[in-house]
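*Asks:* The structure under discussion is supplied below as structure tokens; questions concerning it will follow.
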Ligand code: SF4
């Protein structure tokens with residue numbers, strides 16, 4: 001397919017890997033933020049074709065992974081109420097809450113439907129006026145505008161039987177959280193191309209100036225990722241902590257102004273719990289008061305109380321993995337007690353979680 | 001989750017605000033996509049689509065650049 005295949009070309013990949021290896025003099029730790037990139041890196045064996053002076057670590061950018069177990073409990077509880085049709089992106093169905101996942105709610109008789117777009121949920125609402133349609137609105141900045149559009153349309157068309165559980169996450173506060181942790185070991189970041197497609201580059205320019213760290217915005221295909229790594233290494237070797245856009249075919253400096261506008265018309269920033277990591281200030285999006293009629297937690301009167309991380313009980317180290325401090329293969333449960341069929345922690349639950357990607361694609365050397 | 005794929009706009013219809021739609025061709029598979037976030041889109045343009053919404057127009061000039069850079073590095077015998 002045009003604009004896809006050429007970014008997967010083997011000769012281009014080889015050339016770029018060679019270029020990276022020539023340029024790298026010191027040891028660097030580079031974190032890709034986005035789970036989609038993690039998946040692509042592991043699937044395409046990117047780490048294996050570049051010098052081991054570069055260590056790639058995997059950030060917290062998978063909304064399915066970081067949605068708190070308590071939110072999933074609330075989703076399951078609402079889905080099981082009579083008269084509810086519960087709509088969710090497919091990736092969310094098998095993610096365990098503290099007790100159940102949405103798939104087992106479905107097995108118990110709940111009407112849980114997988115949708116591709118938030119507008120599908122709205123359509124279901126229009127077609128089923130006697131039912132309550134609840135949409136599990138998860139996502140980063142990439143997805144938030146589409147989710148916001150569903151609330152905007154429900155509001156303007158006066159669709160009253162539609163509401164959402166908002167589980168949105170913002171990337172820059174998470175990067176700052178990692179950089180300010182006091183134990184940070186990441187030297188440079190690959191920023192998520194589609195998050196920046198919406199938000200633009202401004203927040204990352206501030207991060208790069210304030211924390212003196214290079215940030216390279218890039219896409220998802222092997223050529224994109226290797227170009228991102230190459231540019232990041234070049235900036236690191238030349239001691240140039242700045243932002244570079246290696247995904248300029250899609251990302252504009254200002255982002256998508258209309259999408260941003262709609263997103264902040266419907267939502268406002270709020271504190272958010274990240275599964276495996278904990279509370280990060282101003283890192284989420286909640287419905288504004290004006291749209292509270294579309295807030296499923298209020299409509300169904302479920303109160304979410306966040307507890308100390310229940311995944312920690314299993315000695316799951318996903319929090320450390322998502323901060324770039326450990327790799328999945330360093331977890332004692334990896335591939336034994338913890339597998340994609342039976343995930344113990346957030347980074348194993350979705351195909352974009354680092355543990356799950358390693359489990360599927362990586363040839364692990366268990367001797368080291 | 002944040003994956004978004006490129007597709008070619010083959011037909012535009014619907015009204016603003018927030019209901020401007022297009023038929024988008026993803027290598028033979030045609031889908032109906034909301035293009036309210038890129039109202040400047042024209043038939044024949046490529047756009048990047050995520051959860052039923054076009055997030056951005058694909059800049060075809062910029063798309064060539066990365067490969068041109070390759071070629072120039074190649075000429076300098078750097079790779
Ligand atoms: S392998 Fe499982 S238990 Fe270990 S860090 Fe990953 S998700 Fe947690």
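Bear in mind that the values in this text are calculations on the coordinates, not laboratory data. Predicted model only: the values in this text are computed from it and were never measured. Because the Cβ atoms are built from the backbone with ideal geometry, glycine has one as well, and the counts that use them run over all protein chains shown.
*Asks:* Rounded to the nearest 500, what is the protein assembly as shown's calculated 222 nm mean residue ellipticity when only DSSP H runs of at least 4 contribute -39500 (n - 2.57) each, over all residues? Could the numbers behind the result be given before it?
*Replies:* Values: 18 runs with 160 residues, N = 447.
Result for the protein assembly as shown, helices only: -10000 deg cm²/dmol.
*Asks:* Using the Cα gyration tensor of segment A:311-361, with a ≥ b ≥ c the square roots of its eigenvalues, what is the shape: rounded (a/c below 1.5), prolate (a/b larger than b/c) or oblate (neither)?
*Replies:* Cα axes put segment A:311-361 in the rounded bin.
*Asks:* How big is D, in µm² s⁻¹, for segment A:206-320 by Stokes-Einstein at 37 °C and 0.692 mPa s if Rh is the Kirkwood radius over C-alpha pairs? Display every interim value, and only then the final one.
*Replies:* Working: Rh = 18.0 Å.
Using the Kirkwood radius from Cα pairs, D works out to 183 µm²/s.
*Asks:* Ok, one more. Tell me, what does the Kirkwood hydrodynamic radius of chain A come to in angstroms if you use every pair of distinct C-alpha atoms? Walk me through the numbers before you get to the answer.
*Replies:* Details: mean 1/r = 0.0474 Å⁻¹.
Evaluated on chain A, it is 21.1 Å.
*Asks:* Multiply the residue separation of residue A:361 and residue A:49 by 0.36 nm, subtract the distance between their alpha-carbon atoms, and state the gained length in nm to one decimal.
*Replies:* Numbers: separation 312, 0.36 × 312 = 112.32 nm, distance 1.47 nm.
The residue A:361-residue A:49 span can extend by a further 110.9 nm.
*Asks:* Could you tell me how many degrees, from 0 to 90 and to the nearest 10, lie between the Cα long axis of helix A:202-211 and the main elongation axis, the longest principal axis, of the Cα atoms of chain A?
*Replies:* Approximately 50 degrees, to the nearest 10.
*Asks:* Peptide A:141-152: average number of partner chain Cβ atoms within 10 Å per residue?
*Replies:* Working: counts 1, 8, 7, 0, 6, 7, 2, 1, 9, 3, 0, 3.
The mean count of partner-chain Cβ atoms within 10 Å per residue comes to 4.
*Asks:* Another one. Under a crude label model (7 Å from the Cα following the beta-carbon direction), how far is residue A:254 from residue A:126 in nanometres?
*Replies:* A separation of 3.2 nm, rounded to one decimal place.
*Asks:* Rounded to the nearest 0.05, what FRET efficiency do residue A:108 and residue A:27 give with R0 = 60 Å and r taken as the Cβ-Cβ distance? Could you check? Don't skip to the end; give the middle numbers.
*Replies:* Numbers: r = 52 Å, r/R0 = 0.86.
About 0.70, to the nearest 0.05.
*Asks:* Can you give the relative contact order of chain A as a percent, counting alpha carbon pairs under 8 Å and 6+ residues apart?
*Replies:* The normalised contact order for chain A reaches 21 percent.
*Asks:* For residue B:15 paired with residue A:293, estimate the spin-label separation in nm (one decimal), with each label point 7 Å from Cα along the Cα-to-Cβ line.
*Replies:* The answer from the label model is 2.1 nm.
*Asks:* Sorting A:81, A:234 on the 10 Å Cβ count, fewest up front, what's the list? All intermediate terms of the calculation are to be shown ahead of the outcome.
*Replies:* Details: A:81 13, A:234 17.
Taking fewest neighbouring Cβ atoms as first place, the list is A:81, A:234.
*Asks:* Run the simple label-point estimate for residue A:156 and residue A:237 please: 7 Å along Cα→C-beta, distance reported in nm.
*Replies:* Going from the residue A:156 label point to the residue A:237 one covers 5.1 nm.
*Asks:* Another question, if that's okay. Mind checking the mean number of beta-carbon atoms from other chains within 10 Å of the Cβ atoms in A:243-250? Intermediate results must be reported in sequence, preceding the final value.
*Replies:* Working: counts 0, 0, 1, 2, 3, 6, 14, 12.
For peptide A:243-250, the averaged partner shielding equals 5.
*Asks:* Could I ask something else about it? Per residue, how much space in cubic angstrom lies within the convex hull of the C-alpha atoms of segment A:120-207? Let's see the in-between values first.
*Replies:* Numbers: hull volume 9.5 nm³, N = 88.
Taking the convex hull of the Cα positions in segment A:120-207, it is 108 Å³ per residue.
*Asks:* Roughly speaking, what is the stretch gain from residue A:336 to residue A:14, that is 0.36 nm per residue apart minus the C-alpha to C-alpha distance, in nm to one decimal?
*Replies:* Values: separation 322, 0.36 × 322 = 115.92 nm, distance 3.44 nm.
Contour length minus the Cα-Cα distance gives 112.5 nm.
*Asks:* Expected output is a single nm value to one decimal: the length gained when fully extending between residue A:94 and residue A:301, i.e. 0.36 nm times separation in residues minus the C-alpha distance. What is it? Please report the intermediate quantities before stating the final value.
*Replies:* Details: separation 207, 0.36 × 207 = 74.52 nm, distance 2.43 nm.
Separation in residues times 0.36 nm, less the Cα-Cα distance, equals 72.1 nm.
*Asks:* Further question: In peptide B:53-64, how many Cβ atoms from other protein chains are near each Cβ within 10 Å, on average? Can you show the working numbers first?
*Replies:* Details: counts 11, 2, 12, 13, 4, 4, 5, 3, 2, 7, 7, 2.
Per residue, the average neighbour count from other chains is 6.
*Asks:* Most exposed first by the Cβ proxy, i.e. fewest other Cβ within 10 Å, how do A:289, A:330, A:221 rank?
*Replies:* Details: A:289 8, A:330 11, A:221 22.
In increasing order of surrounding Cβ atoms, one gets A:289, A:330, A:221.
*Asks:* What shape does segment B:5-75 have by the C-alpha gyration tensor, where a ≥ b ≥ c are the square roots of the eigenvalues, rounded means a/c under 1.5, and otherwise prolate means a/b greater than b/c and oblate the rest?
*Replies:* Working: a/c = 3.06, a/b = 2.36, b/c = 1.30.
Note, shape of segment B:5-75 comes out prolate.
*Asks:* So for A:333, B:50, fewest C-beta neighbours within 10 Å to most, what's the order? Working shown, then result.
*Replies:* Values: A:333 18, B:50 23.
By the 10 Å Cβ count, ascending, the order reads A:333, B:50.
*Asks:* Applying 1/(1 + (r/R0)^6) with R0 = 35 Å to the Cβ-Cβ distance of residue A:210 and residue A:5, what FRET efficiency is obtained, to the nearest 0.05? Write out the running numbers ahead of the final one.
*Replies:* Values: r = 39 Å, r/R0 = 1.11.
E(calc), rounded to 0.05, equals 0.35.
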